Structures are given as structure tokens and as C-alpha cells.
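Computed from the coordinates by the stated procedures, all read-outs in this text should not be read as laboratory data. Nothing here was measured: the structure is a model prediction, and the numbers come from that model. Reconstructed Cβ throughout: ideal geometry from the backbone, glycine too, with neighbour counts over all protein chains shown.
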Amino acid sequence: MSAVRSRHLALYIIYIPMTNDWRYSKERMDLRAKSLEILGKAFTLKREVYEFCDMWISQGGKDVSNIVNEFIRYIEDVEVIRQHEAKACKSSCKETDKNSKETS
């Protein structure tokens, strides 16, 4: 019987901290579901939609009335970052190739 009691106690202790995190309150989870629903219907970018909704909720987003426009701005910013990363990678690869040719 003590093993059962201990197992229930462990589950209770693990559950308590999550309820104290405002991002996981019922209201925030409902808002997350609504934002995922809206954007999921409008866009096929599933990973980006999920990442945006997670970020949006974590940063305190409250009103879904303008969420489509906010998501579009987010995607534009992500694309700019990806382009910069691709340029940096190409530059780094060229530098690595140049250095390896010089040492050969």
C-alpha cells in the first residue's frame, strides 16, 4: 500500500509546478488551441504555425483578431533570418575550401 501511496504522491508533486506556470493555465491553453485552429486553417506551414503559437502564447499574446497578420510578419522575419544563415554558411564553406586548398 505504501508503494501505491508513494506513486500517487510523486504524480502529485510533478503536477503541481505546471499549474503554477501562467502559460499553461486553462485560459492560455484554450487561447493556444484557438490560435492553432485559426492559423492551421489558413496556412499549410505546420511547424512554423506551432512554433509561432508557442512563442506568441509565451510572450503574452491575448487577442487572436490580428493573429494572421502577426504570423505573416513572423514568417517574413524567419525567412530573412534563414537567408542570412544561408549566406553565412556559403561564406564559411568558401573560406574552409580556400584554407584547405592552401594547406594541400
*In nm, to one decimal, how far is the Arg82 label point from the Asp63 one, both placed 7 Å along Cα→Cβ?*
3.0 nm
*Given the stretch 25-103 reduced to its alpha-carbon atoms as identical point scatterers, what log10 I(q)/I(0) does the Debye formula return at q = 0.13, 0.17, 0.20, 0.22 Å⁻¹?*
-0.51, -0.68, -0.84, -0.95
